[in-house]
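Here is the structure we will look at, set down as structure tokens.
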Amino acid sequence: MELYNAVSGKNYKDPEMLEINTLENVIYMSMINDLSFIIDVRLSLYEHQSTFSPNLPLRFLLYLSDLISGMVRNENLYGTKKVLIPPPRFIVFYNAEEEQPDRQVLKLSDLYAVEEDSPKLELEVLVLNINAGHNPELMKAAIFFGNMQSIQAE
């Protein structure tokens, strides 16, 4: 919850609002999702990366598809009633030696073989550089920093 609050600017305190839905022990197309959860009817998917990859939006799309499929498994997708899904948010915490900006947005449409003026399917991934000297406002959250330190130590 502290990590979500740190990146979203929110101040949630009730752990009952947080529903962890990370698919444990699941490797999807050689991708292991680090953390997936719902809070306030919003789906957050977080990854930690020690290498930069422009393919992150595609990887998140594949993981999201698998996750949403599980969420709507018992719904009537052919019925007349809307099947509501939580709006997703994708964040990558980047720490590696290759220099990257503090924040950047990677788009699925950047991977399309042909450029589209108005892509019909878009997915944006926010990449936050957590190397020393980057994103100081984010790193001020002590618990967040502790979580990132333990991830980096692994």
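Readers should treat all values here as calculations from the given coordinates under stated rules, not as data from a laboratory. Here the structure is a predicted model, which is why all the values come from computation and not from measurement. For neighbour counting, all protein chains shown are included, and Cβ atoms are generated from backbone atoms with ideal geometry for every residue, glycine included.
If we keep just the residues of segment 69-99 that are among the β-branched types (V, I, T) and within 17 Å of the chain's Cα centre (by Cα), which is farthest from E47 (Cα to Cα)?
First pass over segment 69-99, keeping only residues among the β-branched types (V, I, T): 72, 80, 83, 85, 91-92.
Restricting the remaining residues to those that are within 17 Å of the chain's Cα centre (by Cα) gives 85, 91-92.
Numbers: I85: 21, I91: 6, V92: 5 Å.
Taking the candidates together, the pick is I85.
Would segment 125-142 turn up any residue that is surrounded by 13 or more Cβ atoms within 10 Å (Cβ to Cβ) and among the small types (G, A, S)? Please lay out each step first, then the result.
Of segment 125-142, the ones surrounded by 13 or more Cβ atoms within 10 Å (Cβ to Cβ) are 125-131, 134-135, 138-139, 141.
If we keep only those that are among the small types (G, A, S) too, we end up with 141.
Yes, that holds for at least one residue.
Hey, among the residues in segment 94-126 that are in a loop (DSSP other than H, G, I, E, B) and of a type in the set (G, A, S), which one's nearest to E137 (Cα to Cα)?
Let us first name the residues in segment 94-126 that are in a loop (DSSP other than H, G, I, E, B), namely 95-102, 112-123.
Applying the additional criterion that residues be of a type in the set (G, A, S) yields 96, 113, 118.
Working: A96: 19, A113: 37, S118: 34 Å.
Out of the qualifying residues, it is A96.
Which one is surrounded by the most Cβ atoms within 10 Å (Cβ to Cβ), of the residues in segment 49-108 that are among the acidic types (D, E), without any contact (Cβ under 8 Å) to a residue 24 or more places away in the chain and more than 23 Å from I38 (Cβ to Cβ)? It would help to see each step written out before you state the result.
Within segment 49-108, the subset among the acidic types (D, E) is 66, 75, 97-99, 102.
So of that shortlist, the ones also without any contact (Cβ under 8 Å) to a residue 24 or more places away in the chain come out as 75, 97, 99.
The next check asks that each one be more than 23 Å from I38 (Cβ to Cβ); those that pass are 97, 99.
On the way: E97: 7, E99: 9.
Of everything passing the filter in segment 49-108, E99 is surrounded by the most Cβ atoms within 10 Å (Cβ to Cβ).
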